[in-house]
Amino acid sequence: MEPSYILATDVGSTTTKARFFGKVDGRWRFIASGEAPTTVEKPVEDVTMGVRNAIREVEELTGHMIMDNAKEELSILMPYKGDKVGVDIYVSTSSAGGGLQMLVQGVVKSITAESAQRAALGAGAIVMDVLSVDDGRDDYYKIETLRFLRPDIVLLAGGTDWGDKTHVLEMTELLSKARPRPRLGAEYLLPVVYAGNVAVREEVKKMLRDNFEVIITDNLRPKIEVEEVEQARNAILYLFMEHVMAHAPGYDKLKKLVSTSIMPTPAGEGMMIRTFSEMKGVNVIGVGLGGATTNIYSNFEGRFLRTVSANLGMSYSVGNVFKEAGAENVLRWIPFEMDVKDLMEVVYNKMIRPTTIPITVEDLVIEHSLAREAIRLGFNHHKYLARELKGVKKERTISDIFEEVKPEDTYIEMFDVSHIIGTGGLLSRAPRRNQSMMILTDAFQPRGFTSLLQDSVFMMPHLGVLSTIQKEIALDIFEKECLVYMGTIVAGVGTDKIGAKVATIELEWDDKKKTFDLSFGQIIREPIPKEINVKIRVNPSSNFDFGNGFGKSVERTISGGVVGVIFDGRGRPIYLPEDEKERKKLLISWYDSIELYPESKIEEWRKGL
Amino acid sequence: MSVSEESFAYTPGLRVTPLTYVRKLRSLPVKGQILVKVGDPVEFDTIVARCYLEGMPQILKVAELLDVDTEEVPRYLLKKKGDPVKKGEIIARLRAAFGLINKTVLSPIDGYVEDINEITGNITIREPQRPVEVAAYVRGKIDEVIPQEAVVVGTWAAYVQGIIGFSGERFGELRVAVSNPEDILTPDKIFESDHGKIIVGGSFVNLDALEKARKIGVKGIITGGADIEDLEKLIGTRMGVAITGREELGFTLILTEGFGKLPISDKAFEILKDNEGKIAAINGATQVRAGVLRPEIIIPKNLSGKMKIEDEDVEEGKMKVGSIIRIIRYPYFGKLGRVVRLPVELMKIETESLVRVVEVELEDGKRVIIPRADVEIVTE
């Protein structure tokens with residue numbers, strides 16, 4: 001029987017968010033939301049208390065009875081009994097207590113360690129460290145690292161099936177001797193997922209069984225040219241639920257209430273992006289820009305990848321964004337006078353008071369600049385893992401993760417990415433939608449024709465876990481209630497002198513026609529709504545490629561959105577003059593042409609030049 | 001449910017109180033021995049619990065070093081599992097070809113042979129167990145004992161939380177080195193006689209003063225603000241996330257307000273001044289995440305029995321019309337004001353964000369609208 005009402009919660013690290021959906025007039029709708037602080041620490045060490053408070057808010061807002069209030073413990077009334085009583089489905093995700101934190105061990109950094117990292121990330125984990133035989137650290141430091149970190153799960157991989165045994169056994173021995181302790185509760189054995197050479201399974205078990213709970217799965221690199229992460233990923237998800245979460249306060253109760261397994265929040269978020277991409281048959285990139293982490297998702301030509309940059313975020317980790325990006329990269333987006341010292345004070349005071357919000361437009365601009373950099377760095381990290389399988393040793397260091405990855409290194413071809421989806425507090429709370437559209441554009445630098453979307457209310461993780469049991473309903477709500485189509489960005493690769501012609505653009509919709517030139521360094525916004533399909537023909541100059549090669553015309557039919565269609569003549573990579581005054585002048589002209597910030601402020605900045 | 005204008009809002013704030021009952025949980029990292037019992041009086045440095053931590057292991061690749069097969073390793077061993085070994089002692093020896101080949105494996109550390117791995121041909125030598133002692137940290141009495149794990153030390157004390165700190169637990173005599181909260185702590189205000197003391201500055205401490213404090217052997221510095229670049233120079237690393245406490249500075253630094261030149265709040269300054277000459281326990285450890293941990297200054301008082309705890313409402317974070325608040329975001333950072341209105345509806349601020357706000361009358365009489373997220377309560 002098709003459900004009538006669905007309740008979903010996300011037990012976040014600070015807030016528990018309830019989302020309530022129902023079928024109204026034959027259509028699935030998002031009805032209400034409720035939020036309450038997560039209760040995972042003293043004095044209330046029971047997550048169901050926070051869940052109950054969040055649901056109560058939904059009950060108060062809607063008059064719909066969801067919980068059995070006669071019972072002392074949290075109890076969900078299921079199924080729907082009619083007359084606004086009960087729900088048919090209850091699902092939940094969780095990242096309480098810092099989410100799922102994992103340690104990854106492999107043999108060769110660019111082969112098994114990299115595959116293992118993809119498996120862990122795919123399961124929604126934060127990877128605390130990646131150890132391999134060739135990571136440049138000697139055994140003493142590896143042991144020290146293992147002892148210092150307190151992971152929830154260890155993923156151990158290495159060797160192809162029936163291949164070399166020595167190295168993977170050495171890594172096993174390091175682990176067995178270091179005896180890292182689990183993060184939650186000292187009373188249980190730390191789970192280790194072994195997904196390496198099948199020939200040494202027994203030896204691995206023997207070495208680890210006294211101090212660890214060992215789970216054996218198929219080798220994630222059975223052959224050098226094959227990567228199979230699915231089984232290891234499922235084992236991690238299973239352990240997360242059965243072992244790790246079982247030690248978090250109150251989860252045993254919550255586990256009994258849900259209609260399907262509780263999922264790590266980022267796994268739910270990723271699942272929704274993947275489902276959207278598969279149902280539409282398009283290549284999608286997604287970003288979850290949070291306070292502590294930046295998650296990047298891609299589903300490209302059937303390959304799904306999720307990465308999390310654990311220390312890139314807009315509040316708790318904003319200091320790290322600044323540190324990794326460097327002052328000059330943050331300052332390059334700021335159109336007014338600001339010295340490094342003042343910028344640092346703003347950044348680091350936000351880090352120590354993470355719940356504060358900007359009061360002035362200038363402060364907002366700084367946060368938006370940091371957001372661009374956080375996503376750019378997170379995407380670099382993602383591209384580092386979105387590569388073809390490596391079968392040869394390649395010298396890399398951990399810092400390479402934050403180095404610019406050359407486009408030829410990744411299999412993600414930006415010309416072929418048709419949708420970019422953003423989520424997270426800063427993006428969804430941006431006072432103007434065009435601000436989030438430009439943050440995503442400047443960070444990802446899409447090429448060709450790309451639709452930009454974001455969620456209206458944070459509900460992607462909720463819908464992701466729902467999609468495991470009700471795929472169509474989840475997608476229906478996602479498209480109609482969750483996603484906001486901001487518009488399409490049209491951009492070409494190339495560079496030229498400021499003012500030189502990039503392309504002649506011809507637009508045709510309904511019975512209207514419009515032709516104009518796009519110059520280098522210029523941004524033009526056409527306020528075309530989502531409902532209107534526009535036939536577009538781009539005739540680029542010989543220095544620009546919009547998808548068919550340099551100087552070659554491209555024809556497409558695209559739609560707009562709440563912001564419209566943006567023609568981006570800034571080249572790729574985006575051109576920013578080195579001269580400070582010139583750069584600010586150009587920034588102001590961009591911000592002005594797309595009405596990014598209040599007009600009075602833009603005028604003030606212009607006068608300050 | 002609507003909120004009336006006479007209602008209040010909860011807002012986070014740092015605890016700053018002249019008198020409260022402080023309970024500190026003192027835990028062992030692993031199970032061990034508790035050395036005190038409930039009711040025992042303790043000093044700052046009284047050892048209340050002890051345990052032993054497993055030593056570091058060192059793995060010796062014996063098969064590889066002797067160039068023999070893994071299963072042959074036991075033939076060449078001079079030690080067996082459990083044997084104690086000294087640094088430099090021979091653990092394995094291979095002699096062949098009438099003494100022409102002579103290979104030895106030496107122990108790199110003092111310890112014992114923990115494991116001889118037949119699969120890898122490696123030997124693990126583990127350092128001896130290391131004792132770990134936990135001190136009371138504050139002067140008081142033992143309120144509670146959790147067998148083998150922890151104790152709770154209780155004391156009546158003045159209590160001041162800072163916003164961020166560096167380095168861990170220390171104690172020492174408080175000395176206020178400035179005459180008002182706006183003053184800057186410069187090297188000339190730190191003397192040789194400050195060795196072992198905790199120095200209270202004003203709005204700012206510069207790098208020269210921090211370095212002088214370290215040289216003299218000051219135990220702690222408490223100030224409103226400091227320059228982030230100076231601190232990075234002092235710590236020797238760039239800051240990324242606010243998780244601190246393990247820095248090896250030689251002293252503990254606590255900033256009560258943040259980065260930049262920011263006067264210590266009047267209330268905190270008053271408390272510190274009133275307690276000059278007394279012994280304080282301080283800890284710079286900070287963790288700005290869920291389960292937030294802020295640096296603290298605890299000045300134990302020699303009191304017993306039931307006392308009136310001041311500012312209970314403030315600790316809970318109730319903001320009402322009339323509350324004195326401090327703004328904690330640019331461009332009004334550090335400014336004090338009085339709440340004149342707590343509008344129910346969301347309001348559009350300069351950034352065009354729709355947020356819950358508070359209307360504040362600043363000390364100069366000017367009224368400003370501030371997001372509620374950007375204020376903290378100072379007092380009722």
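The values are calculated or read from the model by the stated rules, or taken from the named source; none is laboratory data. Given the structure is predicted, the values throughout are model-derived calculations rather than measurements. No Cβ is skipped: glycine too gets one built from the backbone with ideal geometry, and neighbour counts run over all protein chains shown.
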Task: Verdict on A:VAL318 being surrounded by 24 or more Cβ atoms within 10 Å (Cβ to Cβ), of a type in the set (A, V, I, L, M, F, W, C) and away from chain B (no Cβ under 14 Å) - done: no
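If you check A:PHE276, A:PHE300, which single one turns out to be surrounded by fewer than 23 Cβ atoms within 10 Å (Cβ to Cβ), in the same structural domain as A:GLU472 (by TED's automatic domain parsing) and among the aromatic types (Phe, Trp, Tyr)? Steps first, please.
Working: A:PHE276 fails: surrounded by fewer than 23 Cβ atoms within 10 Å (Cβ to Cβ).
None of the other options fit; the residue is A:PHE300.
Would you confirm whether any residue within segment B:108-120 is small (Gly, Ala, Ser), outside the structural domain of B:SER27 (by TED's automatic domain parsing) and not in a strand (DSSP E or B)? Break it down stepwise before answering.
Initial filter on segment B:108-120 (small (Gly, Ala, Ser)): B:111.
From what's left, outside the structural domain of B:SER27 (by TED's automatic domain parsing): B:111.
Now drop any that are not not in a strand (DSSP E or B), which leaves none.
No, the conditions are met nowhere in segment B:108-120.
Search segment A:130-182 for residues being charged (D, E, K, R) and within 8 Å of chain B (Cβ to nearest Cβ), and hand back the single one that is nearest to B:PRO108 (Cα to Cα). Let's see the steps before the verdict.
Step one: of segment A:130-182, the residues charged (D, E, K, R) are A:134-135, A:137-139, A:142, A:144, A:147, A:150, A:152, A:161, A:164-165, A:170, A:173, A:177, A:179, A:181.
Checking the rest, the ones that are also within 8 Å of chain B (Cβ to nearest Cβ) come to A:139, A:144, A:147, A:170, A:173, A:177, A:179.
Details: A:ASP139: 13, A:GLU144: 16, A:ARG147: 20, A:GLU170: 19, A:GLU173: 18, A:LYS177: 16, A:ARG179: 20 Å.
Among residues in segment A:130-182 that are charged (D, E, K, R) and within 8 Å of chain B (Cβ to nearest Cβ), the one nearest to B:PRO108 (Cα to Cα) is A:ASP139.
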Task: Filter result for A:SER559 (at pLDDT 95 or above and polar (S, T, N, Q)) - done: no
Open item on the list: Exactly one of these conditions fails for A:GLY163: (1) buried (at least 24 other Cβ atoms within 10 Å of the Cβ); (2) assigned to a loop (DSSP other than H, G, I, E, B); (3) small (Gly, Ala, Ser). Give me its number.
Closed with: (1)
Open item on the list: Let me spell it out: the conditions are (1) assigned to a helix (DSSP H, G or I); (2) under 14 Å from A:SER94 (Cβ atoms), and A:MET279 meets all of them except one. Which number is the exception?
Closed with: (2)
Task: Meets criteria (surrounded by 18 or more Cβ atoms within 10 Å (Cβ to Cβ), within 12 Å of chain B (Cβ to nearest Cβ) and at pLDDT 85 or above) for A:GLY34 - done: yes
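Can you tell me which residues in segment A:115-160 are in a loop (DSSP other than H, G, I, E, B) and more than 25 Å from the chain's Cα centre (by Cα)? Give the derivation first.
Looking only at segment A:115-160, we keep the residues that are in a loop (DSSP other than H, G, I, E, B), and these are A:123-124, A:132-138, A:149-152, A:157-160.
Selection gives A:SER132, A:VAL133, A:ASP134, A:ASP135, A:GLY136, A:ARG137, A:ASP138, A:ALA157, A:GLY158, A:GLY159, A:THR160.
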Task: Extreme residue, surrounded by the most Cβ atoms within 10 Å (Cβ to Cβ), among residues of segment A:443-457 that are within 17 Å of the chain's Cα centre (by Cα) and assigned to a loop (DSSP other than H, G, I, E, B) - done: A:PRO446
Open item on the list: If I ask for residues that are within 15 Å of A:ASP496 (Cβ to Cβ), assigned to a loop (DSSP other than H, G, I, E, B) and in contact with a Gly (Cβ under 7 Å, 6 or more places away or on another chain), which ones from segment A:559-580 would you list?
Closed with: A:ARG570, A:GLY571, A:TYR575
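Mind telling me which of the residues B:GLY121, B:GLY172, B:GLY111 ends up being within 14 Å of chain A (Cβ to nearest Cβ), crowded, with 17+ Cβ neighbours inside 10 Å and farther than 24 Å from B:LYS31 by Cα?
Details: B:GLY172 fails: within 14 Å of chain A (Cβ to nearest Cβ); B:GLY111 fails: farther than 24 Å from B:LYS31 by Cα.
After ruling out the rest, the residue left standing is B:GLY121.
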Task: The listed residue being of a type outside the set (A, V, I, L, M) and surrounded by 20 or more Cβ atoms within 10 Å (Cβ to Cβ), out of A:GLY122, A:GLY82, A:GLY63 - done: A:GLY122
Task: Residue list for segment A:540-585, restricted to those being buried (at least 19 other Cβ atoms within 10 Å of the Cβ) and more than 18 Å from A:GLY494 (Cα to Cα) - done: A:ILE558, A:GLY560, A:GLY561, A:VAL563, A:GLY564, A:VAL565, A:LYS584
- [ ] Identify, by number, the condition in (1) out of contact with any helix residue (DSSP H, G or I) (no Cβ under 9 Å at 6 or more places or on another chain); (2) touching a residue at least 12 places away in the same chain (Cβ under 8 Å); (3) not β-branched (Val, Ile, Thr) that A:ASP138 doesn't meet.
- [x] (2)
TODO: Just need a number here: residues in segment B:55-69 that are more than 7 Å from chain A (Cβ to nearest Cβ) and part of a loop (DSSP other than H, G, I, E, B).
DONE: 5
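Determine which member of the set A:LYS383, A:LYS341 is assigned to a helix (DSSP H, G or I), within 14 Å of chain B (Cβ to nearest Cβ) and of a type in the set (Lys, Arg).
Numbers: A:LYS383 fails: within 14 Å of chain B (Cβ to nearest Cβ).
Only one candidate qualifies: A:LYS341.
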Task: Residues of segment B:124-158 satisfying the condition of being surrounded by fewer than 19 Cβ atoms within 10 Å (Cβ to Cβ) and part of a loop (DSSP other than H, G, I, E, B) - done: B:GLU127, B:PRO128, B:GLN129, B:PRO147, B:GLN148, B:GLU149
- [ ] Check every one of the strands (runs of 3 or more DSSP E) wholly within segment B:336-380 and list those with 1 or more residues that are within 14 Å of chain A (Cβ to nearest Cβ) and surrounded by fewer than 17 Cβ atoms within 10 Å (Cβ to Cβ).
- [x] B:357-362, B:367-371
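Taking the options A:ASP25, A:ASP88, name whichever one is surrounded by fewer than 22 Cβ atoms within 10 Å (Cβ to Cβ), away from every other protein chain (no Cβ under 14 Å) and under 20 Å from A:GLY268 (Cβ atoms). Give the derivation first.
On the way: A:ASP25 fails: under 20 Å from A:GLY268 (Cβ atoms).
Step by step, each of A:ASP25, A:ASP88 is checked, and only A:ASP88 is surrounded by fewer than 22 Cβ atoms within 10 Å (Cβ to Cβ), away from every other protein chain (no Cβ under 14 Å) and under 20 Å from A:GLY268 (Cβ atoms).
Yes/no matrix, rows are residues, columns are (1) within 14 Å of chain B (Cβ to nearest Cβ); (2) not hydrophobic (A, V, I, L, M, F, W, C):
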{"site": "A:SER4", "(1), (2)": "no, yes"}
{"site": "A:PHE21", "(1), (2)": "no, no"}
{"site": "A:VAL51", "(1), (2)": "no, no"}
{"site": "A:ARG56", "(1), (2)": "yes, yes"}
{"site": "A:LEU61", "(1), (2)": "yes, no"}
{"site": "A:ALA70", "(1), (2)": "no, no"}
{"site": "A:LEU77", "(1), (2)": "no, no"}
Task: Search result, residues across segment A:227-250 that are in contact (Cβ under 8 Å) with a residue 24 or more places away in the chain and either in the same structural domain as A:VAL51 (by TED's automatic domain parsing) or part of a loop (DSSP other than H, G, I, E, B) (or both) - done: A:GLU227, A:VAL229, A:ALA248, A:PRO249, A:GLY250
Task: Output for segment A:91-116, where each listed residue is within 14 Å of chain B (Cβ to nearest Cβ) and within 19 Å of A:GLY34 (Cα to Cα) - done: A:SER94, A:SER95, A:ALA96
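This table checks each residue for (1) crowded, with 23+ Cβ neighbours inside 10 Å; (2) in contact with a helix residue (DSSP H, G or I) (Cβ under 6 Å, 6 or more places away or on another chain); (3) away from chain A (no Cβ under 14 Å); (4) in contact (Cβ under 8 Å) with a residue 12 or more places away in the chain.
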{"residue": "B:PRO187", "(1), (2), (3), (4)": "no, yes, yes, yes"}
{"residue": "B:GLU211", "(1), (2), (3), (4)": "no, no, yes, yes"}
{"residue": "B:GLY217", "(1), (2), (3), (4)": "no, no, yes, yes"}
{"residue": "B:GLU248", "(1), (2), (3), (4)": "no, no, yes, yes"}
{"residue": "B:PHE259", "(1), (2), (3), (4)": "yes, yes, no, yes"}
{"residue": "B:LYS267", "(1), (2), (3), (4)": "no, no, yes, yes"}
{"residue": "B:ASP274", "(1), (2), (3), (4)": "no, no, yes, yes"}
{"residue": "B:ILE279", "(1), (2), (3), (4)": "no, no, yes, yes"}
{"residue": "B:PRO295", "(1), (2), (3), (4)": "yes, no, no, yes"}
Task: Count - residues of segment A:345-380 that are over 19 Å from A:VAL308 (Cα atoms), more than 8 Å from chain B (Cβ to nearest Cβ) and of a type in the set (A, V, I, L, M) - done: 3
TODO: Report yes if A:VAL51 is of a type in the set (Val, Ile, Thr), outside any helix (DSSP H, G or I) and crowded, with 24+ Cβ neighbours inside 10 Å, otherwise no.
DONE: no
Task: Number of positions in segment A:215-236 that are among the aliphatic types (A, V, I, L, M) and buried (at least 20 other Cβ atoms within 10 Å of the Cβ) - done: 5
